[in-house]
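Reading through the C-alpha cells given below for one structure.
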Amino acid sequence: MKCVLLGATRGCGLETLLNLHRAGHECYLLARNSTAAAETLSAQGVPANSPLLHIVQGDAFEAGDVRRLFTAAGEVDFVMFSLGTLPPPFLKV
C-alpha cells in the first residue's frame, strides 16, 4: 500500500508511520525539516535510506508543498492527516 502522511513527525502521526513502515507499506512524509525527520525515524529504527520511506521537505500549510508531496507519491491508497500542536504550557497533561 502507498501512503501519504501529513503531521507524522511526532505523536500519533509518527506512531502510525512507524507501524505502516514496519508492515511493509511505502510511506511518503511531508516534513518542514527533512533532516530532523530522518534523524527521528532513524532513532526509531527506520533507516533514512529505506526504499519504503520518502521524505519530502515542505510545510503542510503551503499548497505548493502538499502538491509536491502528492506528485512525488503518484497514486496513493491511504492518506493520513494528523497535524496538531503541542498544548500550551499552562495546560497540565
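Spin-label pair Ala48-Ala63: with each label point 7 Å from Cα along the Cα-Cβ axis, the two points sit 3.3 nm from one another. For the chain, the longest principal axis of the C-alpha atoms and the axis of helix 63-73 are separated by about 40°. Given the alternatives (1) -0.63, -0.75, -0.87; (2) -0.87, -0.98, -1.07; (3) -0.54, -0.68, -0.83, log10 I(q)/I(0) by the Debye sum over Cα atoms at q = 0.15, 0.17, 0.19 Å⁻¹ as computed for this entry is given by (3). When shorter helices are ignored and each DSSP H run of at least 4 residues is given -39500 (n - 2.57), the per-residue value for the chain at 222 nm works out to -10500 deg cm²/dmol. Using a cut-off of 13 Å between beta-carbons, work out the net charge of the residues near His25 (Lys and Arg +1, Asp and Glu -1, His25 not included). Net local charge, His25 excluded: 0. On a 0 to 90 degree scale, rounded to 10, what angle separates helix 11-22 from the longest Cα axis of the chain? Rounded to the nearest ten degrees, it is 30.
Between the amide H of His25 and any residue lying 5 or more places away or on another chain, no distance stays under 5 Å, with hydrogens modeled in the peptide plane. Mean sequence separation of contacting Cα pairs (under 8 Å, at least six apart), scaled by the length of segment 2-81, corresponds to a relative contact order of 40 percent.
Placing unit charges on the Cβ atoms only, positive for Lys and Arg and negative for Asp and Glu, gives segment 5-93 a dipole magnitude near 260 debye about its Cα centre.
Charge tally around Met1: other residues with Cβ under 12 Å, Lys/Arg +1 each, Asp/Glu -1 each, net -2. Taking Cα atoms only, the orientation of helix 34-43 departs from the longest principal axis of the chain by about 90 degrees.
Bear in mind these aren't lab numbers, they're just calculated from the coordinates by the rules spelled out. Every value quoted in this text rests on a predicted model; they were computed, and no experiment measured them. Heads up, the Cβs are rebuilt from the backbone with ideal geometry, glycines too, and the neighbour counts pull from every protein chain shown.
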